[in-house]
Amino acid sequence: VAGAMELVSNALVYVGGYVFLVFMAVCLATGLYYLAEMVEEYTRLTKKVLDWAIKVTLVMHALLLVIDRMPFMTLLISGASQVAYGRMLKRFPFIDFASVDFVGALAALGATHWVWVRYFHSTYHSTEYVLGFFFMIVWFVPFGFFISIAANESVLPGGAAVPGAPPTAGGGLGGYDQRNGGKKSRNVMLQLLDFLKMQWTKFTEKVLPAGGIPGTYRDPGYNKGW
């Protein structure tokens, strides 16, 4: 009887765990979409937040050196990556993937991961500790840039005044394409999430009976989002 109860309880735990992961994924996607829309709507505020995030992260690096006595070279490389991220703020939210600043920031991100993985490989810390440390020191600022990527085409009116900002293909203000009737284009994160939602809607309409769950993408011209 005890074995049967453990079998049932184990099955419930696994099912509940996977359901929990699904709900977490949905919440994460919803949160990312909301953040991406906020970033797209408040570009100047986002730039200030990223600027302060870089400065705070540099202060945390100094504290790790002075108080926790962490390796100097590791902190130097990690801190230099924050400087590389800061260079991309000059043309924010426009990011040219072929520019020296972007390639340098990408290389700095890889180097930062390498030095911190080496450090934690030589010391013992729990997984939760390492993830929390990486989020604050390694991932926080790059994540902010990730959800802000405009790919040279998406800001509110007036965004073209950013130094070095390229004009839109339609010749209008930044983020507004005259070929699309003046509609504001979405940033890369929003486009990706919209694409994933559209694919999910198509999948449910094919798999579920009676036409599946009513979606917002039956009309290809409808691009309102979640």
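For K47, the test of being surrounded by 11 or more Cβ atoms within 10 Å (Cβ to Cβ), at negative phi and within 16 Å of the chain's Cα centre (by Cα) is passed. Look through S122, S126, S99 and report the one residue that is within 22 Å of the chain's Cα centre (by Cα) and of a type in the set (S, T, N, Q). So the residue among S122, S126, S99 that is within 22 Å of the chain's Cα centre (by Cα) and of a type in the set (S, T, N, Q) is S99. Taking the numbered list (1) acidic (D, E); (2) closer than 28 Å to G110 by Cα; (3) in a helix (DSSP H, G or I) in turn, D68 passes all entries but (3). For beta carbons closer than 7 Å, sequence separation of 6+ or different chains, a first residue in the stretch 35-52 that is modelled with pLDDT of 85 or more and a second that is surrounded by 14 or more Cβ atoms within 10 Å (Cβ to Cβ) and of a type in the set (S, T, Y), the qualifying pairs are T46/S148. Is it true that L28 is free of Cβ contacts under 8 Å to residues at least 40 places away in the same chain, in a helix (DSSP H, G or I), over 15 Å from the mean Cα position of the chain (by Cα) and surrounded by 10 or more Cβ atoms within 10 Å (Cβ to Cβ)? The answer is no for L28.
Residue selection: M60 fails the criterion of being at pLDDT 85 or above, outside any helix (DSSP H, G or I) and surrounded by 12 or more Cβ atoms within 10 Å (Cβ to Cβ).
The values are calculated or read from the model by the stated rules, or taken from the named source; none is laboratory data. Please read these numbers as outputs of a predicted model, since none were measured by experiment. A quick note on method: Cβ atoms are made from the backbone with ideal geometry, for glycine too, and the neighbour counts reach across all protein chains shown.
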